[in-house]
Amino acid sequence: MLSDTKLFQEFLSITVTCAVAAGGIALGVGMASGYISPWTGRFYSLLDPTYAKDHIPIIASVSEHQPTAWSSFMFDFHILLFLFPAGLYFCFKRLSDATIFIVMYGLTSMYFAGVMVRLILVATPAVCLISAIAVSATLKNLTVLLRSKNKVAQIGSTKGTSSAKASSKVILDQSQPFQKNGAMALLFGAFYLLSRYATHCTWVTSEAYSSPSIVLAARGAHGNRVIFDDYREAYFWLRQNTPSDAKVMSWWDYGYQITAMGNRTVIVDNNTWNNTHIATVGRAMSSFEDEAYEIIRSLDVDYVLVVFGGVTGYSSDDINKFLWMVRIGGGVFPVIKEPDYLVNGEYRVDKGAAPKMLK
């Protein structure tokens with residue numbers, strides 16, 4: 001209803017400022033009074049990657065929350081890791097509302113993917129989009145170069161020597177034949193890389209992202225496929241050989257699997273929010289046997305499940321995860337101290353391990 005443009009702009013700025021201020025005050029009051037839950041540790045970990053390790057070790061213990069290694073980027077993105085910066089260049093070259101949004105989306109998602117490995121999933125659409133811009137612009141430039149060279153050569157051959165302009169174009173075309181040959185080579189190279197990328201994606205999907213977490217696949221010393229069916233067999237044994245009302249204590253990683261495959265009640269699982277509850281299990285796992293027995297009986301536990309890699313060489317067993325049990329347990333119960341399980345700051349599980357670790 002305000003026909004005056006200047007008046008409308010003033011009205012708009014005042015309205016937006018008031019709305020933002022009111023929203024900020026309401027958010028602050030809600031968080032202070034408890035009506036709105038505060039930000040979680042995972043959110044703080046995105047802004048400060050060391051936050052979880054220092055304050056909430058249970059978040060840092062999850063492998064999906066670890067910072068992303070370069071090998072993971074190479075494994076998942078392949079040639080897109082190099083095409084991504086090129087795509088950003090082409091976006092900056094043609095700035096518009098759309099390309100500015102794409103650049104912001106790409107840079108922020110790549111930052112978060114670098115902080116937490118699970119967020120590669122968030123960065124993937126942005127990386128694909130920006131890399132596709134780089135591929136599209138490159139192919140367009142190469143094909144335009146090929147078409148223009150062919151056109152120049154055709155004009156020169158039809159007009160002969162009657163036109164000085166045409167002859168100069170032919171001379172220019174003949175003096176730089178490497179441009180056409182180079183464009184052809186780059187074009188074939190681009191198609192080769194894209195075909196290899198498709199092959200790599202298919203292989204990664206089949207090898208890394210298509211195996212269930214209960215039946216594991218690995219490669220033997222001679223390249224043959226080895227299937228580890230131990231988890232499924234163990235849960236089936238649990239289901240057949242324990243009472244139906246039995247309670248099983250294990251580290252929280254196996255909680256959902258014991259419930260679903262073994263049909264038994266667990267003490268902690270993958271959705272346990274009570275940090276003290278998980279810390280109690282960690283304390284039981286990292287205490288001497290007589291002390292652990294009392295803790296386990298207080299939890300009304302019938303069976304304890306411990307995973308050991310052993311001869312199979314399975315690296316993700318409870319010995320591997322043990323320091324996280326110590327850290328999470330020590331975060332609530334000061335009697336558990338991580339240095340007691342280390343030798344000169346080193347974690348050992350052989351005969352040279354710390355005395356408390358050996359007991």
(request) Report the charge-dipole magnitude of the chain in Debye, nearest 20, computed about the Cα centre from +1 at each Lys and Arg Cβ and -1 at each Asp and Glu Cβ. (result) 2360 debye
(message) Taking a ≥ b ≥ c as the square roots of the Cα gyration tensor eigenvalues, with a/c under 1.5 meaning rounded and otherwise prolate when a/b beats b/c, else oblate, which class fits the chain?
(response) oblate
(request) Give me D for the stretch 229-358 in µm² s⁻¹, whole number, from Stokes-Einstein with Rh from the Kirkwood sum over alpha-carbon pairs, 4 °C and 1.567 mPa s. (result) 84 µm²/s
(message) Can you give the FRET efficiency to the nearest 0.05 for residue 356 and residue 128, using r as the Cβ-Cβ distance and R₀ = 51 Å?
(response) 0.55
(request) Set the Förster distance to 41 Å, then compute FRET efficiency between residue 207 and residue 12 from the Cβ-Cβ distance, nearest 0.05. (result) 0.15
(request) Rank the residues 148, 33 as a footprinting-exposure proxy: fewest other Cβ atoms within 10 Å of their Cβ go first. (result) 33, 148
(message) Largest first and in whole Å, what are the equivalent-ellipsoid semi-axes of the stretch 1-86 based on the Cα gyration tensor, each being the root of 5 times an eigenvalue?
(response) 41, 27, 8
(request) Could you pull out the longest piece of the chain with no exposed loop chymotrypsin sites (Phe, Trp or Tyr not before Pro) in it, calling a site exposed if DSSP puts it outside H, G, I, E, B and it has at most 15 other Cβ atoms within 10 Å? (result) 40-208
(message) Please compare each pair in 93/140; 53/247; 53/356; 247/321; 247/337 to a cut-off of 26 Å on the Cα-Cα distance and tell me which ones are over it.
(response) 53/247; 247/337
(message) At R0 = 45 Å, how high is the FRET efficiency between residue 192 and residue 227 if r is their beta carbon distance? Nearest 0.05 is fine.
(response) 0.85
(message) Along the charge dipole of the chain, pointing to its positive end and built from +1/-1 on Cβ of Lys, Arg, Asp and Glu, which listed residue (313, 248, 79) has its Cα farthest out?
(response) 79
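Computed from the coordinates by the stated procedures, all read-outs in this text should not be read as laboratory data. Only a predicted model underlies this, so the values are computations on that prediction, with no experimental measurement involved. When we count neighbours, we look across all protein chains shown, and the Cβ atoms used for this are built from the backbone with ideal geometry, even at glycine.
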